[in-house]
Structure formats: C-alpha cells, structure tokens
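Since the structure comes first, as structure tokens, the remarks are kept for the end.
The values are calculated or read from the model by the stated rules, or taken from the named source; none is laboratory data. Just so it is clear, the structure is predicted and the values come from calculations on it, not from any experiment. A quick note on method: Cβ atoms are made from the backbone with ideal geometry, for glycine too, and the neighbour counts reach across all protein chains shown.
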Ligand SMILES: NC(=O)c1ccc[n+]([C@@H]2O[C@H](COP(=O)([O-])OP(=O)(O)OC[C@H]3O[C@@H](n4cnc5c(N)ncnc54)[C@H](OP(=O)(O)O)[C@@H]3O)[C@@H](O)[C@H]2O)c1
C-alpha cells in the first residue's frame with residue numbers, strides 16, 4: 001500500500017510503498033478516509049515529541065476516520081506506533097475507536113476531533129466545570145483555541161475570554177462565542193480575566209507565566225478557586241511558575257490529555273463530540289488534501305489557517 005513515510009527525522013515524509021503488518025488480537029485493518037495533520041503529528045514526524053522512541057521508518061498520524069471490513073465508519077485514536085494514519089490502510093485497536101453514524105463527514109471529524117477534545121475532555125473529565133463559570137483561553141486563535149471558545153459556549157460558560165497575539169484574528173472569535181477578546185501582552189488582561197474560574201492554556205512558556213501573573217494580580221476574590229488547565233505547549237515545554245501566584249490565590253494547576261485523563265473517559269466523550277461536529281455546534285476550517293500530495297502540503301501545515309486533512313481513500 002501507499003503511505004506517507006518518514007525515513008529520517010527532520011525531512012518531509014515521502015509518498016511511497018509501505019508494508020502493512022498483520023493485525024493481532026483486538027486489532028482491525030481500516031481503509032483510512034481522513035487523517036488530521038495536527039501539531040502533534042508534526043512533532044511525531046520530526047522526532048521531537050516526548051513519546052518518540054526514535055524508531056524509523058515511521059508513518060505519521062495519531063488519529064483519523066476509517067472504514068472497517070464490515071463497512072462501518074470509525075473514528076480511531078492510535079497508540080504510540082510507527083504505523084500512523086497517513087496511509088491507505090492502518091491498524092487500529094477496536095477498543096480505541098468509536099462507530100460514526102452514516103452521513104458523518106470524515107474530513108470534518110478528522111479535522112476537529114483532536115483539537116475539540118482538548119477543551120471538551122478537560123472541562124468534562126479533568127476538572128469540575130459548572131455552567132455560568134468564566135473561562136480564559138490562552139492561544140485562542142488556533143484550531144484548538146477556536147474550538148475551546150465553541151465548547152465553552154456549548155457548556156454555558158458565562159464569560160469566554162479569548163487571548164492571543166493576533167488582534168485581528170481575536171476579533172473574529174466573537175462570532176464563535178467569545179464575550180471578550182484581549183491581546184496577550186495587553187494591560188487589559190489582568191482586568192478582563194481577573195475573576196475567571198478556569199484557564200485553558202494552549203501556550204505555556206513565557207506567555208503563560210505572564211498571563212498567570214496578570215490573572216493572579218488582578219484577582220478581586222483570592223479565595224475563589226481557579227483551575228489552570230495546561231493543554232498545549234506551543235510557546236514552551238516549560239514555564240516559570242511564580243511561587244507567590246500559588247500562595248496568593250486558590251489556584252490549582254493541572255494538565256489534561258492522554259495519560260492524565262483515562263482513555264476510557266476520553267472515548268466516552270467522543271460520540272458526543274462527533275455529534276456536535278456533525279450538527280455544526282463545533283466547526284473548524286478544514287482543507288482536504290489527497291495522500292499523493294502529502295509532500296507538497298507538509299511544510300505549510302504549521303502556518304496554515306486551516307486544519308489540513310490527508311485523505312488517503314476519499
Ligand atoms: N492535551 C490535549 O488533549 C491536546 C489536544 C489537541 C491539541 N493539543 C495541543 O494544543 C496546542 C494547540 O493546538 P492547535 O491545534 O490549536 O494548534 P494550531 O492550530 O497550530 O494553533 C497554534 C496557536 O498557537 C499560537 N501561537 C503560536 N506561536 C505563538 C507565539 N509565539 N506566541 C503566542 N501564540 C502563539 C497561534 O497563534 P496565531 O493564531 O497568532 O498564529 C495559535 O493560536 C498544541 O500544542 C497541541 O499539541 C493538546
């Protein structure tokens with residue numbers, strides 16, 4: 001079969017032949033309909049992700065939508081493997097997949113499921129979130145951030161504060177449900193976000209430190225609980241946490257993702273997320289690209305405004 005194959009870290013995957021291994025146990029072979037080119041896939045493919053074992057060759061792709069031998073459409077999450085989803089066929093663990101109803105768009109689900117689940121699972125499974133609470137989203141202009149705005153709206157947050165570096169893009173988030181938009185380096189951050197209950201943080205690094213200082217400094221009720229949920233590390237794998245920030249208010253810092261949330265709990269949320277994508281409550285701009293064009297599209301994936309979705313078997 002054909003696949004996108006990484007033979008050396010730091011080089012673009014090539015469209016070439018790859019031998020499909022034999023499935024075992026609970027494994028199924030699926031024809032891959034769509035696979036999202038998420039930031040996590042780029043770090044998997046260049047060997048920089050913390051789960052990388054350095055093993056090559058490698059077919060990138062961490063999730064996707066496929067069709068099994070019975071004709072069922074499934075969304076699947078792959079384990080850490082060298083056989084990813086950017087191939088005509090891949091091997092999935094049936095227990096790490098959900099059936100999708102007929103009529104579901106494989107491209108939209110492959111584009112939106114990974115970025116959408118980041119905030120959805122955090123709010124439903126990692127912390128206790130209740131309708132009416134206030135949410136600040138750091139890195140709100142990315143795919144996951146835009147979906148976090150929509151998830152917060154769906155979950156009836158009273159204030160949805162979208163923070164990022166690009167003020168023009170931030171303004172556009174009002175139509176998705178943001179009640180306030182604020183630049184990361186603005187003096188207004190401390191004022192606008194002072195009394196949030198939850199921070200959904202896609203950035204980490206220096207911007208997270210600065211935002212934490214601003215939020216803690218601006219707080220009017222220091223006894224009010226604050227959950228800072230670390231989800232992405234776009235601007236740094238590490239961040240300095242001011243000790244005073246932890247003492248000066250009732251803040252807890254937690255991470256959310258595979259590992260910190262049980263896989264069964266994540267899987268339980270997926271049908272609901274798929275339904276929200278299908279009914280349009282959650283939307284993302286997606287660009288479908290055939291597997292044959294994977295080499296051309298790879299280098300512009302990071303800067304693309306739209307989530308690129310590779311379609312091996314459209
Ligand atoms: N834990 C989980 O469950 C989970 C699930 C999905 C994703 N993630 C992680 O979440 C993060 C975001 O994913 P995504 O899909 O939204 O990525 P994305 O679509 O590529 O968006 C990246 C975001 O980072 C911002 N950004 C980039 N460089 C920046 C800088 N120097 N200063 C400030 N902002 C900067 C971008 O702002 P501009 O719009 O201004 O460029 C954009 O908002 C990634 O780290 C991803 O791996 C985690």
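What pairs come out if I take residues in the stretch 294-306 that are under 19 Å from residue 144 (Cβ atoms) and at pLDDT 90 or above and pair them with residues that are within 14 Å of the ligand (Cβ to nearest atom) and in a loop (DSSP other than H, G, I, E, B) whose C-beta lies under 6 Å away, six or more apart or interchain? That search, which allows pairs on different chains as well, returns 306/285.
Once the stretch 3-32 is narrowed to residues that are in contact with a helix residue (DSSP H, G or I) (Cβ under 7 Å, 6 or more places away or on another chain) and within 25 Å of residue 47 (Cα to Cα), the residue that is surrounded by the most Cβ atoms within 10 Å (Cβ to Cβ) is 4. Here is a list: 229, 198, 284, 254. Which entry is near the ligand (Cβ under 10 Å from one of its atoms) and closer than 17 Å to residue 125 by Cα? After applying the criteria, what remains is 229. If you go through the stretch 35-60 and keep only what is part of a strand (DSSP E or B) and within 16 Å of the ligand (Cβ to nearest atom), you end up with 35, 36. Checking each residue in the stretch 66-91 for being buried (at least 24 other Cβ atoms within 10 Å of the Cβ) and more than 26 Å from residue 11 (Cα to Cα) picks out 66, 75, 76. Taking residues in the stretch 206-232 that are without any contact (Cβ under 8 Å) to a residue 40 or more places away in the chain, and partners anywhere that are within 16 Å of the ligand (Cβ to nearest atom) and not in a loop (DSSP other than H, G, I, E, B), the pairs with Cβ atoms closer than 6 Å and at least 6 places apart or on different chains are 214/189; 228/199; 228/253; 230/201; 230/255. Does residue 273 satisfy the criteria of being within 13 Å of the ligand (Cβ to nearest atom) and in the same structural domain as residue 88 (by TED's automatic domain parsing)? Yes: the conditions hold for residue 273.
For the stretch 176-226, the set of residues classified as in a strand (DSSP E or B) and either over 15 Å from residue 165 (Cβ atoms) or not assigned by TED's automatic domain parsing to the domain that holds residue 151 (or both) consists of 180, 198, 199, 200, 226, listed by residue number. Of all residues in the stretch 119-162, those satisfying the criterion of being within 9 Å of the ligand (Cβ to nearest atom) and farther than 19 Å from residue 283 by Cβ are 122, 138. Against the numbered list (1) crowded, with 16+ Cβ neighbours inside 10 Å; (2) modelled with pLDDT of 95 or more, residue 254 comes up short only at (1). What about residue 239, is it within 19 Å of the chain's Cα centre (by Cα), at pLDDT 95 or above and either in a loop (DSSP other than H, G, I, E, B) or not assigned by TED's automatic domain parsing to the domain that holds residue 50 (or both)? It is false that residue 239 is within 19 Å of the chain's Cα centre (by Cα), at pLDDT 95 or above and either in a loop (DSSP other than H, G, I, E, B) or not assigned by TED's automatic domain parsing to the domain that holds residue 50 (or both).
Filtering 66, 36, 84, 71 for residues that are closer than 15 Å to residue 313 by Cα and free of Cβ contacts under 8 Å to residues at least 12 places away in the same chain leaves a single hit, 71. Of all the criteria given as (1) in contact with a strand residue (DSSP E or B) (Cβ under 6 Å, 6 or more places away or on another chain); (2) free of Cβ contacts under 8 Å to residues at least 40 places away in the same chain; (3) under 17 Å from residue 135 (Cα atoms), the one not satisfied by residue 184 is (2).
Among the conditions (1) in a loop (DSSP other than H, G, I, E, B); (2) buried (at least 20 other Cβ atoms within 10 Å of the Cβ), residue 229 misses just one, which is (1).
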